[in-house]
Amino acid sequence: MEAMYALSRGEAIGQALRAVFPFEFIEALEGFRGEQGVHHLYKFLLTTRAGEQRQANIAVAPLLSRDFVPVGRIVLVDDITERVALENQLAQSDKLSSIGLLAAGVAHEINTPLAVISSYAQMLSKQLRAEARGDARLGPILDKITQQSFRAAEIANGLLNFSRTSTTEFRSTDLNQVIRDTLSLLEHQFKTAQILVDLDLAGELPPINGNPGKLQQVFLNLLLNAKEAMPGGGRVRVATFVNGHVEAIVADSGSGISPEHLKRIYDPFFTTKNVPGFKRGTGLGLAVSYGIIQEHAGKIHVESAIGAGTTFHLEFPLLRNSVHA
């Protein structure tokens, strides 16, 4: 309890329960007062005095004298915060595995008719331009058909990339170089969108066992999401450092993510980019990124609040036999 609740035994002994624990906890305990038997609270949110929220399984049992007379209560608190986080990760991985199997079949089926639609639309458009008396109104319509078929093909290819996990080739990879290459691709977009990049890359960063192309896809997704979150401009901080493993941070000063959306941001096809006038997202970017991080035996988690920006934390294990001084 000292470790979980960040309160020493000396500070707690002699205090009333209400002076130590939050109101919700006391109210739940009072609900069992006078009742027989053992009572349970599953996945109860317990807020520590420091403001940190922990999840706990709580059991309340009567404390009996030798004559079996109730003289008090025993409260057992099992901190399951890390266990719940692991269960959520396993559930997400299972969900990604299922959607990956579905995605591969769907994407292959969609790509064939899309290729036919795109080809015929381009042929008609080319024929229309060659005819002097062609209907000028049809040209823009055919162009839109072609553009939308390309857009649909991008989604299908995203599904295919999402489902491909077995062909990734891993090698010694410099994460700093991956980040620099990604930022070079976005340099013009960021300049146009009035977004400043604060680059803080660790010197002599040890290598990781990774696939540069897929890792670049992760950072591309995160940086593009940051750009979308700052339509009026802002700042993005990209940093790397070593802490027993290689860590990377992508933080923006954008609008933030609401609490109800935070739990779903890695779900395939879930997107918050529904603002009129902006390109609607496919909801695959973060789902794909999550899968790639899992391939690299890494971790990804997010911190965000409305109006306070969003920060993504990425962790990767060090390449075996690499030494960091």
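The values are calculated or read from the model by the stated rules, or taken from the named source; none is laboratory data. Just so it is clear, the model here is predicted, and its values are computed rather than measured. Here the Cβ positions follow ideal geometry from the backbone for every residue, glycine too, while neighbour counts run over all protein chains shown.
A search for C-beta distances below 8 Å between a residue of region 45-70 that is outside the structural domain of Glu27 (by TED's automatic domain parsing) and any residue that is of a type in the set (Ser, Thr, Tyr), counting only pairs 6+ apart in sequence or on different chains, returns nothing. Among the residues of region 10-58, the ones that are within 22 Å of Val71 (Cα to Cα) and in contact with an Asp or Glu (Cβ under 7 Å, 6 or more places away or on another chain) come to 0 in all. Would you mind stating whether Ile26 is in a helix (DSSP H, G or I) and at pLDDT 85 or above? So Ile26 fits the description; yes. Considering region 121-135, the residues that are at pLDDT below 80 and either more than 21 Å from Ser149 (Cα to Cα) or touching a Ser or Thr at 6+ places or on another chain (Cβ under 8 Å) (or both) include one that is surrounded by the most Cβ atoms within 10 Å (Cβ to Cβ), namely Gly134. Of Asp79, Asp143, Asp94, all but one fail to be surrounded by fewer than 15 Cβ atoms within 10 Å (Cβ to Cβ) and at pLDDT 80 or above; the exception is Asp143.
For region 52-76, taking the residues that are within 30 Å of the chain's Cα centre (by Cα) and within 14 Å of Phe25 (Cα to Cα), the one that is surrounded by the most Cβ atoms within 10 Å (Cβ to Cβ) is identified as Ala56. Only residues that are in a loop (DSSP other than H, G, I, E, B), in contact with a strand residue (DSSP E or B) (Cβ under 7 Å, 6 or more places away or on another chain) and either more than 14 Å from Met4 (Cα to Cα) or modelled with pLDDT of 85 or more (or both): list them for region 29-76, please. Passing the criteria: Phe32, Val38, Ser65.
Tell me, yes or no, whether region 301-311 has at least one residue that is in contact with a Ser or Thr (Cβ under 9 Å, 6 or more places away or on another chain), surrounded by 20 or more Cβ atoms within 10 Å (Cβ to Cβ) and at pLDDT 85 or above. Within region 301-311, one or more residues are in contact with a Ser or Thr (Cβ under 9 Å, 6 or more places away or on another chain), surrounded by 20 or more Cβ atoms within 10 Å (Cβ to Cβ) and at pLDDT 85 or above. Taking region 231-250 as the range and being hydroxyl-bearing (Ser, Thr, Tyr) and either in contact with a Lys or Arg (Cβ under 9 Å, 6 or more places away or on another chain) or without any contact (Cβ under 8 Å) to a residue 24 or more places away in the chain (or both) as the test, no residue passes. Could you check region 193-241 and list, in sequence order, the residues that are touching a Ser or Thr at 6+ places or on another chain (Cβ under 7 Å) and among the aromatic types (Phe, Trp, Tyr)? The one that is touching a Ser or Thr at 6+ places or on another chain (Cβ under 7 Å) and among the aromatic types (Phe, Trp, Tyr): Phe219.
Across region 204-230, what is the number of residues that are without any contact (Cβ under 8 Å) to a residue 60 or more places away in the chain and either in contact with a helix residue (DSSP H, G or I) (Cβ under 7 Å, 6 or more places away or on another chain) or closer than 12 Å to Asp174 by Cβ (or both)? Can you show your working first?
We begin by selecting, within region 204-230, every residue without any contact (Cβ under 8 Å) to a residue 60 or more places away in the chain; these are 205, 212-213, 216, 219-220, 223, 227-228, 230.
With either in contact with a helix residue (DSSP H, G or I) (Cβ under 7 Å, 6 or more places away or on another chain) or closer than 12 Å to Asp174 by Cβ (or both) added as a condition, the list becomes 205, 212, 216, 219-220, 223, 227.
Total meeting the criteria: 7.
Of the residues that make up region 189-197, is at least one under 15 Å from Leu220 (Cβ atoms), part of a helix (DSSP H, G or I) and modelled with pLDDT under 90? Looking for residues that are under 15 Å from Leu220 (Cβ atoms), part of a helix (DSSP H, G or I) and modelled with pLDDT under 90, one finds at least one in region 189-197, hence yes.
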